[in-house]
1. What is the residue count in segment 77-120 for residues that are closer than 19 Å to residue 54 by Cα and assigned to a strand (DSSP E or B)?
2. Filter segment 45-76 for residues that are farther than 27 Å from residue 19 by Cβ and assigned to a strand (DSSP E or B) and give the result.
3. Looking only at segment 62-119, filter to residues that are of a type in the set (Gly, Ala, Ser) and within 11 Å of the ligand (Cβ to nearest atom); which one of those is least open to solvent (accessible area, probe 1.4 Å)?
4. I'm checking my understanding of the structure. Among residues of segment 29-54 that are open to solvent by 40 Å² or more (accessible area, probe 1.4 Å) and touching a residue at least 60 places away in the same chain (Cβ under 8 Å), which one is nearest to the chain's Cα centre (by Cα)?
Amino acid sequence: MSTIIVNVIGVAAMLAIAWWFWGWKPGKGTEASHGSLDVEVSNGTYTPAVIEAKAGEPLTLNLLRRDASPCAEYFIIDGLDVSVQLPINKVSSIRVVPNAPGEYRMHCQMNMYQGVLRVL
Ligand SMILES: [Cu+2]
């Protein structure tokens, strides 16, 4: 009996991990107002996780990391040369100027945290 329970828990855990890594789809984006946006880093998610910006306009992201786990330590944006270490419970302001429209992946160093910077 206990073997069945362990197996069920194991399968559920695997499904949860699979969903976490591959099931995530970016939805509607949050637009920066006046070129800046506050982003919270906690509980495995960026809030907001989908950010919209305009090509050629400077964007400042004010990241507040509340998650003390090492997973949340780095904030990376693919294609925009962003890779910063985030202090805990402090705001880190990151300025980017995305020149080309497209979707840029935002993530932590282990890809648990995921987001998209959508440049229009
Ligand atoms: Cu991580």
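1. Residues flagged as closer than 19 Å to residue 54 by Cα and assigned to a strand (DSSP E or B) within segment 77-120 amount to 16.
2. First, the residues of segment 45-76 that are farther than 27 Å from residue 19 by Cβ: 53-60, 62.
53, 59, 60, 62 - these are the residues of segment 45-76 that are farther than 27 Å from residue 19 by Cβ and assigned to a strand (DSSP E or B).
3. Filtering segment 62-119 for residues that are of a type in the set (Gly, Ala, Ser) and within 11 Å of the ligand (Cβ to nearest atom), the one least open to solvent (accessible area, probe 1.4 Å) comes out as 72.
4. Checked segment 29-54; the qualifying residue nearest to the chain's Cα centre (by Cα) is 45.
The values are calculated or read from the model by the stated rules, or taken from the named source; none is laboratory data. Note that the coordinates shown come from a computational prediction; the quantities given were computed from them, not determined experimentally. Ideal geometry is used to build each Cβ from the backbone, glycine not excepted, and the neighbour counts take in all protein chains shown. Accessible surface areas use protein heavy atoms only, side chains included; no ligands, DNA or RNA. Shrake-Rupley method; radii C 1.70, N 1.55, O 1.52, S 1.80 Å.
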